[in-house]
Each structure stands twice: as C-alpha cells, then as structure tokens.
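Notes for the one structure printed next.
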Amino acid sequence: MSMRAPPRKGENFELAADLNSEYKEKRKDAIKRVIANMTVQKDVSGLFPDVLKNMQTDDLEQKKLVYLYLMNYAKTQPELVILAVNTFVKDTDDPNPLVRALAIRTMGCLRAEKIIDYLCDPLQKCLKDDNPYVRKTAALCVAKLYDLKPELVIENGFLEQLRDMIADSNPMVVANTVEALSDIHIAAVASGATKDTFVVTTDIVNKLLVALNECSEWGRVAILNALSRYTAEDAGESEHICERVVPQFQHANASVVLTAIKVIMIHMRGINSESLTKTLIRKMAPPLVTLLSNPPEVQWVALRNINLLLQKRPDILTNEMRVFFCKYNDPLYVKVEKLDIMVRLATEHNVDPLLSELKEYAQEVDVDFVRRSIKAIGQTAIKIDEAAERCVNVLLELIGTRVSYVVQEAVVVMKDIFRKYPSTYEGVIPTLCANLDELDEPEAKASLIWIIGEYAKKIDNADELLGIFVDTFTEESYPVQLQTLTAVVKLYLQKPESSQGLVQKVLNTATKDCDSPDVRDRAYIYWRLLSTDPGAAKAVVLAVRPPITLPRTTVSPALLEELLGEIPLLASVYHKPAETFVGRGRIGADSMQRKGTDLADDRLATQKALQTVAAGQQAENLLDFDDDVPNDGQPSGLAATTVLASTPAAANLLAGTSSNPLDDLVSIFGSASLGATSSPAPANPMGGFGFGTSPLAPAPAVTPVLSPQPPAQPQAQSGQDDLLGLF
Amino acid sequence: MISAFFIFNQKGEVLISRLYRTDLKRSIADVFRIQVVSNSDVRSPIITLGSTSFFHVRINNLYIVAVTKCNANAALVFEFCYRFISIAKSYFGKVDEEAVKNNFVLIYELIDEIIDFGYPQNSETDTLKTYITTESIVSANIAAEESSKITTQATGSTNWRRGDVKYKKNEAFVDVVETVNLSMSAKGTVLRADVDGHILMRAYLSGTPECKFGLNDKLVIDKNERGGGDAVELDDCRFHQCVRLDEFDSTRTISFVPPDGEFELMRYRSTSNVKLPLRVIPTVNEIGTSAVSYAITVKTNFNNKLSATNVVVRIPTPLNTTNVDCKVPIGKAKYVPAENVVVWKIPRIQGGQEVTFQGHASLTSTTNRQVWARPPIDVDFQVLMFTSSGLIVRFLKVFEKSNYHSVKWVRYLTKASGSYQIRPYENRRST
C-alpha cells in the first residue's frame, strides 16, 4: 500500500482500546476503522474478541459492521465464532424482520464448520417466517448451506421445503427459491451427482410464468433461466411459454431482454407453426437493436450474442444494417463486433452504404481496426458477387493511399478475391506488383507471391518478380518460402522455357540451405514430381481450386445450438463452450485443499503440496489464458480462419495457427480446406495440407513426413513463458 | 454468479472489496491490478484468466469490478455494475474516489443488501433509501411494524412504492427527453439518424394511483382513429418495471402504478422521419500542407418561436496546428490545442437562423507526420419544446380510490451530446 503504516502493534492496540471504550460513539468509530483496515488487507484478525463484544447492540448499522467483520474472519477464528452464535440465534427471533433476515443472511456467510449445526434450526424457522423478506433471504441461505455441507441440507429436508416454496405467494421469494435451487443443482452436477436436484416440471413452469410478471428484474432473469431448462411436452406448451415470455422483450434491463430471447430461441424449436415462428423472430429485432443504446460493455455483450443469433437466423435484422455503423467514439471492442455483424447483414441492396462506411473506417488511426475494415471489404466481395467489382475498386483506392499497413492488408484481401473470382480482376495485378517493395509482412508477401504464381502466364515479368524473392529466399519467413517455392513451380509449368534456371535455383536452395522441414519436404515433392512425371505435376500444382465461400457460421452447428441456449452467459459471449474456461474438468482450489488435508498429516508437507498444486494450477490457468487472448483480441471473424476450439490444448495449438497465413496459402494440392472456407477446421495442424479433392494425390509417401506446423509451437511456447514470468 | 465485488482506484488500490462466495481469495484483486489496471492495452471489458472472469466498468477513474468463476450471465453482471453506479449516484451525488472513501461503510451496507450469495437482490433506490440511510437507524426506534412495511415493500409485487404516500397537491411532471444520434457525410447524406427517447416522470401522487399514459404511437392511432397524421412510428419501447408488459404486448396501452418521486418511465427508439434540428454544412480546404481553411455553417431547422441553446460546435484541427484565426457572427470560438479542436460556443440560436464560422488554421511543418484520423465535427445543443421524433404525449390519466384531482405537466427537450456528428471531408486522405 502507498501509506506506510505505523507500527502494527501500536495501531491495533489503539483500536482494541477504542473498541472497549465506554463511549458508544468511540466504539462505533473504532469498528469503522477496523473495517477500513480490513479493506486494504491489513491484518486485523487479532481484534476478533474486541469486535465481537460490540455485536449486541440496537444500532443496526453497527451490527452490520460487526457482521461484516465476522464474515471476513470467521474462517480463521472458528473457536471464537462460537461466542457469537448465541447472539445470532437470538436475532433470528427478533421482532424486527430486518434483523431476522440480517442474522440468517450473515450466519450463512460465516462458513465456519463449528457453527453450522447451530444454523439449521433458525433456518428451518426462517423458511416459514411470516415476512417475505425473511423467507427470501432464508431461501438463498439454503444454497449457502449446501455449498458448505450438502448432507445437512438433505438431512434436514431443506430441498423439499424449497420445492414447496416455488408456490409462495410472494414473487421475490419464488425468484430466490428458483435461484437457490438452480445454484444447488449446478453444485450437485459439479460434484458428480447424477440425479437432477431441480427438475422443472409443468406444474412449476405454470407457477413461474405467473411470478414472472410480478417480480424484480433480477428475479425475472432467474425465472427465465429456469424456464429455459424445461423441455416442453408438446408444441402447444412451447407456444404458450413463448407467448408469455415475449412481453419481457420490452423490459428496460438488457439481461432480462437477452435471457427472454434465449427462452424463446429454445422453445421455438418445439413450435410447428411457421407463422408463429416468423412473428417471434420479427418481435425479436427491435429489442435487439435497442440494446445498442446501452453502455458500451452491455452493447458488446449484446453484439456478441447478436452475432450468434445471426448465424442461426440470418434474417433477423435484415433491414437494420445502418444501426451497426460504428460511431467515431465507440470503444474498439464494440467497433470490431459491429464490423463483423455488418458483413453478416450485407446484401446486394445495402452494399453501397456499407462500402462507403468501410472505406471511411479504413482511414482511421487504429491499425487493428483499419485492418479489420479492409478484411471486411474482402469478405463483402466474396459474399456478394454483384458487389465484387465495387469492392475491388475501393481496395484499389485504398492501395493508392500508400499507407504501408493498408496496402499490405489490401494485398492479402485481394488474394482471397482472386480465389473466389479466378481470372476476373487481372487488371489489378500491375497495381499490386507496383507495391512489391512496400511489403514487409510475411502474409502480404506470401499473398502477392501466390497471385504472381497463379497468373504467371499473364504477367510478362513474372520470372523477374519471383527472382527477387528467390534471391532473398533464405532470409524470408517460412510461409513466404513455401509460397515462393510453389509460385516458381507454377511459373515453370506454364512457361518452362524462361524459368528453367529459376526453378533449379529455388529447389536447390530450398532443399539444401533451408532449415524448415516443411519447406524442404515440399521442395523434394516438387522435385520428384517434376523429374518423374511433369504431366502429373501439372495436374497437381495447376489443378482447378474449388471456389471459396463465406461460411455462415463460425462454430459447428451443434455448438451453435448449445451456445444459443446460453445467451447471454459468458459462453455465448466467447462463442466457446463453458467447459473451456470454467474449471469443471479441472480440480478447483477448494477441493484441492480438502484433498490436501486428507492426504498428509504433516502440516508442512500439506503446505508444500498445496503450493506446488497452486503453482501447477496457475500454470494451467495461464496456459488457458493463452487461448483466451486471441479470442478476446480478435473475436472470430468471418473469413479469418477461425477454428473450433474443442479442448484447451487444441485451442492453444489452433490459436497459434489462426494467425498463421499458412492456412490460407497452402493451396498447392488443390486442397479443399482453404483460407476463407473455415468450416470447422480439423484440429489436426496438418489439415491445411490435406490432399482433398485432388484426383492424383500420391499421398502415402509424403504425409507422414510432414511435421506439425513449426510457427504454431514456438508462439504458444513463448506466450506461456511470458505469462509465467509475471508470477 | 458474482463471486466478488471490488472497487479500485486508478492506481489499482482496492477501495472496496467484498467476497460473496468462497471460490475466490481476496488476493484475486492483485491479479486484476496486474492484468487490467496496469495494462495499457485492455481490449475487452471481460477478462478471463484461467477460470476466473473479471467484468469491469470504468467511471471517473474508478474501476467497478465483479469477479466470477462460473459461466455467469454477462449482461446481468454489467447491468448490475451500472445499477450500482446509479444507486451510488443517488446516495452520494457523484461516484469518485473521494465519495467512495468517505462512504465506504454505507457502500458495504448497500452491496450486502443488493447482492446476496452473488445474486442481485432488490436494487430499487427508493426502497433501499427507506432502510439504508446515511444516518444510523436504531432498531429500537423504528417499530417492528414499520420494518414489516418496509420489508413487504422490498419484496412485494409493487416493490417500488410505499402504500402510504400522501401529498397535499397531487402533481405529475413528465419530461420527454430525446437524444439525437446523427452521422452525416460531407455531402449532407444522412448515414444514420436515430432518436433515443427517455420519458422521465416525477410523480407526487397520493395513495396507490393507477396511471394510463398515451402517446401519438402510430400503432395505437392507426387502430383507433382515422387519419392520425402526426403519429410517430416507434421502433421499440422499453419500460420501467412498474409498467405491465403483458398489457402493452397485447393492446399497446401503457398502464402502471408509478414509484413515488422521480423515475424513468420508458425509453424508446425511433428511426423514421427524424427531424434534425440543426443542419451543419462544412467546407474545409487544406491549403497545401501549411494551412487549412474552414467555413462551417450552422442552420436551425425549426419554428422561429423556438431556439437552440447551449450550442457547442467542436471542429477538429490537424495535430500540427499552431494557431487558428476564428471569425464568428455570434458566440465565441476558441482554439483548444490540448484537444486539437476549435470550440465554438453559441448560447442561443433562434429558429430559422443561419450562422457561419470562418477559420484559418496555420500548421507547422513537422518532421514525423503523425497520422491524423480527421475526426468528425461534433455538435451539442438543446432545443426546448421540440421532439425530433415528433412524439407527443396525448394523455396521462390518474385513477385513485379517493378520486382526487391531479395536475400534470409535460415538457419536451431534444438534445445532442457527443453523438451528433458531421464528417468534414468528402474523402479522407485523398491527397
């Protein structure tokens, strides 16, 4: 902390004196100071007995402060908490409901094993209290107790009692009861229970639908969540639920709106009537758009979810593209999401305003945003055939600005456009080649080389241009080397007379002086192909590639369904299943602790073991972080090669590869899995090399030799190192 | 759900820390400080490290942070953070480091009341104020009966209102406040124009009044009357929780029992036929690399009985501007080097008026040319008794058992702040 604390003993000594003062005000003031110290993480646990003395008071505020202190230190001073139990139990009988509720709320938070047994009786009483405020507090207290000692909840029949409370006359009590049951359900599942502790039945659904319209906004979210867990018996019931939930779209709270949308998306699956589905979808659009007038953080959550919804129902926001135009002062994370959605909404009819917007964004200052805007132009071109030419013109204008990163990104994007519309925009090639000297990023270089190789026949000085890269071959990065290799071979197959020397030279350099096994292997393949059967070489290298398309979804259909059921939870924001970032598969810190104490008697050994485990876990967490970063920074774009991260390990590997131009460029064998077609990419890093559709693929001898992509690993490795260094 | 709630200051010091669940340790605060506060490049409001997710919202150099270890409801967590901010505002006026430090006891009391075991509870300011006050309550002093009333209200189906409100004079004030969002190209093409409307109500009504509220909503008027020429088309409405949503859904009537005092009754959005109160016509010429000349005309586009007040036009200038000569017919224009803008303040422009700013910016020649994004011109203003959407309050009916007479007042205001933008360049970086 910034202030240098006076000698600890002195201050605590002083506080202790004040806590025992005969003056009421002085005592209260001392408690406040104790709490202040607690907040800045100074150790005031030594004052426990002195603070405890101040618990019995008529002053509610003072009582709350003492309770706050107790909650903090009860765990470390369980013997002393016993002294407080009497007061707590007495308070649960207080005539004032606020005091009763406060006592039961705090007792649940103390979490000291020793007092748990004293909790059950008062809790039993409070669950049946006349006052709804006490009941709703007690309901949550059951969940707290379950978290601490599940057996007690079951033995005392609290679960049955909670189930009965769903029929409570007070909506707030119903909401908290549902919340408590869901919480217990999640905890039970996490600890391996097979039986469903909270079965949502038809009867419960009807009660929930009644409470829905009357309870507080947070309560509505709880109830809607419970509704989403219910499986309707028939179409009629699904319709009924949807009809009752739709009015929630008009609620001022964004979480109510989004959770209601989730319920509708889930129960819509059970509806047969086409027209009702249409109506529901139509009613969904305005509230979704309105979510954009929220604060940026909420907007971002909404945008991520809209992105998912659009993957399932591309027709939801058909005429609303303009509301997604970026505002100059939007935070970057909002802008990036908007870009993605704009491309999704792009059609032949609205492409003109979209393009002029994208062009505008491509001239802003933030490099990342500019690049994404240019990517979006490319995606638009690939998506809408009619607009491709306009997109190319915009790209040409942007190249004209000669801003280095703009030009490079535009070149990369042009490559994709050539893939989609082969031999259409050849007129652009001279302009691209004119910018050859300005390229310094591997991806841009590789893209241009690919273009030159592809159109070698029509570029008079192709051998000269490629010669430049062959001369500096060993200095280039591997993706550029691979691409140069392929391009030169393409050139040779089309114009053998002028490039004999060049191909010889590049094959020589690649096989002898190159330290990447990938590059060497590819060079050997070409060499053998060319020397044994030039006809086969032609068929393989110059094969017609299948055109690319924009994938409609960035996640697999099954995952999409799952994620739609998780709106607006973190999973739907990250577009990743919860298991990838919630420690269910892993061992939580708490269970670790329990395990630790069981295993070793020796305290020291326990300590040591825990430290090791903690360190190990941290390392694991950090690894995990590594796969979150690329996803935060560059949320799954459309044509950006996004991949389905099914396991953290695969995610790691793939996170490394997604920024790797190799994916886009490995086109030699006319493989089907190419850049922009990022339908669930195989978790195998060699996927990009697949021999796919090529009829002549002489695969067997070659495949096993290919090693996993080299750039991916160092990258993941170094990220890990950096992060570990932090701790 | 929410496992912990923190407030940090700008230096990353913990001002408030409250753990709601045991799956976290207090030291998790250090992780946030390292990963977010001391990280200059935070590109997402949610950071997930391992299985711990940090949600943060910034306000006046404070970080309001909620931490969770589960697959939490992201929208709910952010809504909650903002709700906390609005509660804090209404309790101690502003939310900054000083206010938090001075009121930390109260804040602890509040956050314990509004979250229990990580689940948000009652967060209606009006109700909270009845039992969490800045003066300490001595429980002996308030009769148990009174507390019962409070708790019933806090959990009741109209948890936003006490039953025993009494006023000598029953009044209701309705403020229709519209914020216009505009993005216009240099040619004058509207790229995007929409209205965010808020209807604020201050209700000083006795008993438990039942209110009905009527607007010139196109959907209602089309249904009931012929030729509702001045009806507005509302894209979407959102209501305070007191409004009965099911009734609105079936018949589009807005009926409710209002909270006592001030509250936001509804928000709406309109995108069709947006009337733009101010028209800005920019002419910007870059003269070589040494100067830029500006002629910015502002035209009012409404009845001459009305006027736009507090007009502030912010005209961006290149980063290497040394000085700007400004000539204005009214108001004051001044070059603010720190922000690279000329700020032109006009206290009042009458309807139908037209004023032009003439300026000449001199630039230095710089060695390293920083990229200038050429931001849009931004205009702030207020126009009283004018709505951009054309929305009109048609009636507000109050029904109460005692059948008292009530007086209603309606006010309209259209404003813009930070979102009325005109792009000054046809094509940026055309040179």
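The values are calculated or read from the model by the stated rules, or taken from the named source; none is laboratory data. It should be emphasised that the depicted structure is a prediction, and the values quoted were computed from it without experimental measurement. Positions of Cβ are backbone-derived with ideal geometry, glycine not excepted, and every protein chain shown enters the neighbour counts. Just the protein is used for accessible areas: all its heavy atoms, side chains included, with ligands, DNA and RNA removed. Shrake-Rupley method; radii C 1.70, N 1.55, O 1.52, S 1.80 Å.
I need the full set of residues from region A:22-44 which are among the hydroxyl-bearing types (Ser, Thr, Tyr) and loosely packed, with under 15 Cβ neighbours inside 10 Å, in order please.
Of everything in region A:22-44, just one residue is among the hydroxyl-bearing types (Ser, Thr, Tyr) and loosely packed, with under 15 Cβ neighbours inside 10 Å, namely A:Tyr23.
Restricting attention to region A:66-82, which residues are buried (at least 21 other Cβ atoms within 10 Å of the Cβ) and more than 20 Å from A:Gln41 (Cα to Cα)?
A:Val81
Listed here are the residues, each with its yes/no results for (1) at pLDDT 95 or above; (2) more than 7 Å from chain B (Cβ to nearest Cβ); (3) farther than 18 Å from B:Glu79 by Cβ; (4) out of contact with any helix residue (DSSP H, G or I) (no Cβ under 9 Å at 6 or more places or on another chain).
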site	(1), (2), (3), (4)
A:Leu280	no, yes, yes, no
A:Pro287	no, no, no, no
A:Leu291	no, yes, no, no
A:Asn319	no, yes, yes, no
A:Asp340	no, yes, yes, no
A:Thr347	no, yes, yes, no
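Answer yes or no as to whether B:Ser44 is outside any helix (DSSP H, G or I), among the hydroxyl-bearing types (Ser, Thr, Tyr), at the interface with another protein chain (Cβ under 10 Å from one of its Cβ atoms) and within 28 Å of A:Asp330 (Cα to Cα).
Yes: the conditions hold for B:Ser44.
If I ask for residues that are open to solvent by 20 Å² or more (accessible area, probe 1.4 Å) and under 27 Å from the mean Cα position of the chain (by Cα), which ones from region A:204-227 would you list?
Matches in region A:204-227: A:Asn225 only.
Residue by residue, here is whether (1) facing another protein chain (nearest Cβ under 7 Å); (2) not in a strand (DSSP E or B) holds:
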{"site": "B:Ser17", "(1), (2)": "yes, no"}
{"site": "B:Thr22", "(1), (2)": "yes, yes"}
{"site": "B:Val31", "(1), (2)": "no, yes"}
{"site": "B:Ser40", "(1), (2)": "no, yes"}
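So which helices (runs of 4 or more DSSP H) are wholly in region A:168-257 and hold at least 2 residues that are at the interface with another protein chain (Cβ under 8 Å from one of its Cβ atoms)?
Of the helices (runs of 4 or more DSSP H) lying wholly inside region A:168-257, those with at least 2 residues that are at the interface with another protein chain (Cβ under 8 Å from one of its Cβ atoms) span A:171-190, A:217-228.
Would you check if A:Lys195 is open to solvent by 10 Å² or more (accessible area, probe 1.4 Å) and basic (Lys, Arg)?
Answer is yes for this residue.
Do we have any residue at all in region B:359-378 that's open to solvent by less than 40 Å² (accessible area, probe 1.4 Å) and either assigned by the TED database to the domain that holds B:Val180 or in contact with a Leu (Cβ under 6 Å, 6 or more places away or on another chain) (or both)?
yes
Inside region A:229-264, can you point out the residues that are open to solvent by 10 Å² or more (accessible area, probe 1.4 Å) and within 27 Å of B:Phe80 (Cβ to Cβ)?
Within region A:229-264, A:Arg229, A:Tyr230, A:Arg244, A:Gln250, A:Ala252 meet the criteria.
Could you check, for region B:82-103, whether at least one of its residues is assigned to a strand (DSSP E or B) and either of a type in the set (S, T, N, Q) or within 11 Å of another protein chain (Cβ to nearest Cβ) (or both)?
No, the conditions are met nowhere in region B:82-103.
Table: residues versus (1) open to solvent by 20 Å² or more (accessible area, probe 1.4 Å); (2) at pLDDT 90 or above; (3) within 22 Å of B:Pro258 (Cα to Cα); (4) touching an Asp or Glu at 6+ places or on another chain (Cβ under 9 Å).
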| residue | (1), (2), (3), (4) |
| --- | --- |
| B:Ser148 | yes, no, yes, yes |
| B:Thr152 | yes, no, yes, no |
| B:Arg161 | no, no, yes, yes |
| B:Asn170 | no, yes, yes, yes |
| B:Val180 | no, yes, no, yes |
| B:Val190 | yes, no, no, no |
| B:Gly197 | no, yes, yes, yes |
| B:Tyr204 | yes, yes, yes, yes |
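I'd like the full set of residues that are outside any helix (DSSP H, G or I) and open to solvent by less than 20 Å² (accessible area, probe 1.4 Å), limited to region A:265-277.
A:Ile271
If B:Leu19 satisfies all but one of (1) over 24 Å from A:Val301 (Cα atoms); (2) surrounded by 22 or more Cβ atoms within 10 Å (Cβ to Cβ), what's the number of the condition it fails?
Going through the list (1) over 24 Å from A:Val301 (Cα atoms); (2) surrounded by 22 or more Cβ atoms within 10 Å (Cβ to Cβ), B:Leu19 breaks only (2).
Residues of region B:255-273 being of a type outside the set (Ser, Thr, Tyr), more than 10 Å from chain A (Cβ to nearest Cβ) and open to solvent by less than 30 Å² (accessible area, probe 1.4 Å), which ones?
Within region B:255-273, B:Phe256, B:Val257, B:Pro258, B:Pro259, B:Gly261, B:Phe263 qualify.
Looking at region B:343-358, which of the residues that are assigned to a strand (DSSP E or B) and open to solvent by 10 Å² or more (accessible area, probe 1.4 Å) is nearest to B:Val284 (Cα to Cα)?
B:Gln358
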